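Take a look at the structure below.
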Amino acid sequence: MSSTTLDLYWGLSSLDAETRLDSAAQLISALVKFQEAHPVRGKQMATTEEELAQLCASDVSYALGRLIKGLASPRDGARQGFSMALAELLARIPCISVKLVLSMLWRHTEATNSMKGQEQRDMRFGRIFGLLAVVQSGIIGRREGTTAVEMRKMVMELAAIGAKKSYLREVAYVTLAAMVPALGQFAFRDELITMFVAV
């Protein structure tokens, strides 16, 4: 783990938008350099955390987990900063699959009944911002990296959150709308369109 990037994570949760943007740009620039120096093993995509550790530089593996965990932070500005950095990381590092991101996102943003109300709210916001980052990154447009199962999982989760929590409805539906341009490339697009219409 490079100590040069650790301080940048703090800047991602700054209340100042310029600081968040600058920290995200510096972090992603450093991570891309680390990944470029990492021995490449073909055009494989990591679908598990074990594969992530093999295919990506250790700083990239750490960043993915840290950014996903940071999405549920109650600190003002954290969701925006961590979501922005996650979207850019996914856009720039092609060996990270949608399957892996969703698996980690579900594990680190699960709202349980044993949590207090604010903690549950933070988890729901974290999940929504994580899904938004996935969509904004363009990763769902990578044909070989996205399956019907993952698309269905995202659509169903966004629809469920939007229907259940009024304070999340707008961002859930904005995220769904942002997914629409990617639908045309999938062989299962008719099924997805039917799901979208049902929402």
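The values are calculated or read from the model by the stated rules, or taken from the named source; none is laboratory data. Note that the coordinates shown come from a computational prediction; the quantities given were computed from them, not determined experimentally. FYI the Cβ positions are ideal-geometry reconstructions off the backbone, even for glycines, and counts take in every protein chain you see. To get the accessible areas, we keep the full protein, side chains included, count just its heavy atoms, and leave off ligands, DNA and RNA. Shrake-Rupley method; radii C 1.70, N 1.55, O 1.52, S 1.80 Å.
Side notes on the structure shown:
- Among the residues of the stretch 67-92, those identified as part of a loop (DSSP other than H, G, I, E, B) and surrounded by fewer than 23 Cβ atoms within 10 Å (Cβ to Cβ) are Ser73, Pro74, Arg75, Asp76, Gly77.
- In the set Phe129, Phe125, Phe186, only one residue is touching a residue at least 24 places away in the same chain (Cβ under 8 Å) and either surrounded by fewer than 15 Cβ atoms within 10 Å (Cβ to Cβ) or more than 16 Å from the chain's Cα centre (by Cα) (or both); that residue is Phe186.
- In the stretch 74-92, the residues that are over 27 Å from Glu36 (Cα atoms) and hydrophobic (A, V, I, L, M, F, W, C) form Cβ pairs under 8 Å with partners that are open to solvent by less than 10 Å² (accessible area, probe 1.4 Å) and not in a helix (DSSP H, G or I), at six or more places apart or across chains, as follows: Ala78/Leu12; Ala78/Ser13; Ala78/Leu71.
- Within the stretch 22-31, the residues that satisfy the criterion of being surrounded by 16 or more Cβ atoms within 10 Å (Cβ to Cβ) and either more than 25 Å from Cys95 (Cα to Cα) or under 17 Å from the mean Cα position of the chain (by Cα) (or both) are Ala24, Leu27, Ile28, Leu31.
- Taking residues in the stretch 103-121 that are under 18 Å from Glu150 (Cβ atoms), and partners anywhere that are in a loop (DSSP other than H, G, I, E, B), the pairs with Cβ atoms closer than 8 Å and at least 6 places apart or on different chains are Ser103/Thr48; Leu105/Leu71; His108/Leu71; His108/Ala72; Thr109/Leu71; Thr109/Ala72.
- Gln118 being at pLDDT below 95 and not in a loop (DSSP other than H, G, I, E, B): yes
- Scanning the stretch 1-45 for residues that are more than 20 Å from Ser83 (Cα to Cα) and outside any helix (DSSP H, G or I) returns Met1, Ser2, His38, Pro39, Val40, Arg41, Gly42, Lys43, Gln44, Met45.
- Total residues in the stretch 142-182 satisfying the condition of being assigned to a helix (DSSP H, G or I), crowded, with 16+ Cβ neighbours inside 10 Å and at pLDDT below 85: the figure is 2.
- Picking from residues in the stretch 93-109 that are closer than 17 Å to Ala172 by Cβ and out of contact with any Gly (no Cβ under 8 Å at 6 or more places or on another chain), the one that is surrounded by the fewest Cβ atoms within 10 Å (Cβ to Cβ) is Trp106.
- Close pairs (6 angstrom Cβ cut-off, 6 or more residues apart or separate chains): touching a residue at least 60 places away in the same chain (Cβ under 8 Å) in the stretch 17-35, hydrophobic (A, V, I, L, M, F, W, C) and open to solvent by 60 Å² or more (accessible area, probe 1.4 Å) anywhere: Ala24/Met84
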